[in-house]
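Before any comments, here is the structure.
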Amino acid sequence: MLTIRKEQVEKLGEYITETFVLNTIKQLREKYTRETNNKDDNNLLDFIHHGIEKAEKHNIIERRDIVIYLEYMLIYGEDFDTDKGNKWAIKVFRIKNLTGEEKIIQLLKKKPL
């Protein structure tokens, strides 16, 4: 019988997260060249980690949805979800009974990327 220790599970989780972050850096650089030009990899790394934390507060936890959330942060500012100039986003995030995926769908309907 195969036994996986807690430390192994944690290492695997770290590897998966790091792979996601590195792939996201590449994806954002390719799709948003202008917006990422002035950020080095360390800046983007911090940006992504900060964005993941913010997304999780909105129950946005699926990788594809997190990437879309990060794209909105790049285009509309890191505080687009609370910036009074983005009432369209604030309205979406105030709806309590939406899942994270449903919030992303609503954002895309209001302001497509």
Convex hull volume of the Cα atoms in the stretch 7-83, per residue, in Å³?
88 Å³
Roll a 1.4 angstrom probe over the protein heavy atoms and tell me the percent of accessible area of the chain that is carbon or sulfur.
51 percent
Residue by residue through the stretch 73-83, the couplings from Karplus 6.51 cos²θ - 1.76 cosθ + 1.60 with θ = phi - 60°, in Hz, x for Gly and Pro, are 4, 5, 7, 9, x, 4, 10, 4, 6, 10, 5
Checked against the positive end of the charge dipole of the chain (+1 on Cβ of Lys and Arg, -1 on Cβ of Asp and Glu, about the Cα centre), the farthest of Ile68, Phe93, Thr24 is Phe93
Surface accessible to a 1.4 Å probe, per residue, for the residues of the chain, Å²
69 Å²
Per-residue ellipticity at 222 nm attributable to helices in the chain (runs of n ≥ 4 DSSP H, -39500 (n - 2.57) apiece, nearest 500 deg cm²/dmol) works out to -22500 deg cm²/dmol
Could you give the size of the charge dipole of the stretch 4-108 about its Cα centre, using +1 on the Cβ of each K and R and -1 on the Cβ of each D and E, expressed in debye and rounded to the nearest 20?
360 debye
For the cross-link pairs Lys39/Lys110; Lys6/Lys109; Lys11/Lys111, which exceed 30 Å when the distance is taken from alpha carbon to alpha carbon?
Lys6/Lys109; Lys11/Lys111
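The values are calculated or read from the model by the stated rules, or taken from the named source; none is laboratory data. What you see is a predicted model; the values in this text were computed from it and never measured. As a convention, Cβ positions derive from the backbone with ideal geometry for all residues, glycine included, and neighbour counts pool all protein chains shown. These accessible areas exclude ligands, DNA and RNA; they are computed on the full protein's heavy atoms, side chains included. Shrake-Rupley method; radii C 1.70, N 1.55, O 1.52, S 1.80 Å.
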